[in-house]
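The values are calculated or read from the model by the stated rules, or taken from the named source; none is laboratory data. It should be emphasised that the depicted structure is a prediction, and the values quoted were computed from it without experimental measurement. Positions of Cβ are backbone-derived with ideal geometry, glycine not excepted, and every protein chain shown enters the neighbour counts.
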Amino acid sequence: MTEQFEPVIIGFTCNWCSYRAADLAGTARIKYPPNIRLIRLMCSGRLDPTFVLQALASGADGVMITGCHPGECHYLEQNYKAMRRFLLLRRMLTQMGIEPQRVKLVWASAAEGARLAQEITAMVEEVRALGPLNWGKVEVPAFSPHPSSLKEEVPA
């Protein structure tokens, strides 16, 4: 019997809107797959792209970035900054040979728990169809030179 692949998705959520939307989905008992692990940020604009790369390298199969709708950010225009970073990040991942569908940007206000649950479900299904990333599981040979191997041989 073969097991169905279950993706692991890391969700970076804005404290003011999308994290509260996830909380609303929970209190309203709206079901969504348990494949997502939510990490709360004060703002989606504070998400450093290296966090996304680190999540993928650490074994995540996908990353969802969520924040306030454009124009409704509690930190003025930081979600526009998040959108620009997201677009650059997807281009970079494509150049690295990673499917851009593995990283998704979703706008969700605190009142949109049902919409956020739908987006999470859709992303889990999409990543499940893509299969495991296995990016962090690639073995890279460790380079630990012996001090004597660093000396250049000089003929006498």
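Being over 18 Å from L130 (Cβ atoms) and either in contact (Cβ under 8 Å) with a residue 40 or more places away in the chain or in a loop (DSSP other than H, G, I, E, B) (or both): is that true of T66 here? Break it down stepwise before answering.
Details: over 18 Å from L130 (Cβ atoms): yes; either in contact (Cβ under 8 Å) with a residue 40 or more places away in the chain or in a loop (DSSP other than H, G, I, E, B) (or both): yes.
Yes; evaluated as a whole, the condition is true for this residue.
Only residues in the range 101-115 that are closer than 17 Å to L89 by Cα count as the first member; pair them with residues that are surrounded by 19 or more Cβ atoms within 10 Å (Cβ to Cβ) and acidic (D, E), Cβ under 8 angstrom, at least 6 apart or cross-chain, and list the lot.
R102/D61; K104/E119; V106/E119
With the condition kept exactly as written, say whether any residue in the range 109-132 is in a loop (DSSP other than H, G, I, E, B), farther than 26 Å from A28 by Cα and at pLDDT 90 or above.
Going through the range 109-132, the residues in a loop (DSSP other than H, G, I, E, B) turn out to be 109-112, 131-132.
Still in the list and also farther than 26 Å from A28 by Cα: 131-132.
Add one more test, that the residue is at pLDDT 90 or above, and what stays is 131-132.
Yes, the range 109-132 contains a residue that is in a loop (DSSP other than H, G, I, E, B), farther than 26 Å from A28 by Cα and at pLDDT 90 or above.
Can you find even one residue in the range 74-86 that is among the aromatic types (F, W, Y) and either assigned to a helix (DSSP H, G or I) or at positive phi (or both)? Break it down into steps so the answer makes sense when it comes.
Going residue by residue through the range 74-86, those that are among the aromatic types (F, W, Y) are 75, 80, 86.
So of that shortlist, the ones also either assigned to a helix (DSSP H, G or I) or at positive phi (or both) come out as 80, 86.
Yes, the range 74-86 has at least one match.
Which pairs turn up if I take residues in the range 32-61 that are over 18 Å from H74 (Cα atoms) and look for partners that are of a type in the set (K, R) and assigned to a loop (DSSP other than H, G, I, E, B) with beta carbon separation below 9 Å, at least 6 apart in sequence or on another chain?
G59/K137
Restricting the range 91-126 to residues that are acidic (D, E) and touching a helix residue (DSSP H, G or I) at 6+ places or on another chain (Cβ under 8 Å), which is farthest from A60 (Cα to Cα)?
Let us first name the residues in the range 91-126 that are acidic (D, E), namely 99, 112, 119, 125-126.
From the residues that got through so far, the ones that are touching a helix residue (DSSP H, G or I) at 6+ places or on another chain (Cβ under 8 Å) too are 99, 112, 126.
Details: E99: 13, E112: 25, E126: 14 Å.
Only one residue tops the list, namely E112.
Filter the range 1-38 down to the residues that are loosely packed, with under 14 Cβ neighbours inside 10 Å and not in a loop (DSSP other than H, G, I, E, B) and list them by number.
Residues satisfying the conditions are G26, T27, R37.
Is it the case, given these coordinates, that G71 is farther than 20 Å from A129 by Cα, assigned to a loop (DSSP other than H, G, I, E, B) and either in contact (Cβ under 8 Å) with a residue 60 or more places away in the chain or small (G, A, S) (or both)? Steps first, answer last, please.
Working: farther than 20 Å from A129 by Cα: yes; assigned to a loop (DSSP other than H, G, I, E, B): yes; either in contact (Cβ under 8 Å) with a residue 60 or more places away in the chain or small (G, A, S) (or both): yes.
Taking the combined requirement at face value, the residue satisfies it.
H74 is checked against (1) of a type outside the set (D, E, K, R); (2) at pLDDT below 95; (3) more than 19 Å from N15 (Cβ to Cβ) and fails just one. What number does that condition carry?
(3)
If I filter the range 76-90 down to residues being within 17 Å of V63 (Cα to Cα) and out of contact with any helix residue (DSSP H, G or I) (no Cβ under 8 Å at 6 or more places or on another chain), which single residue comes out as surrounded by the most Cβ atoms within 10 Å (Cβ to Cβ)?
Ranking the candidates gives F86 first.
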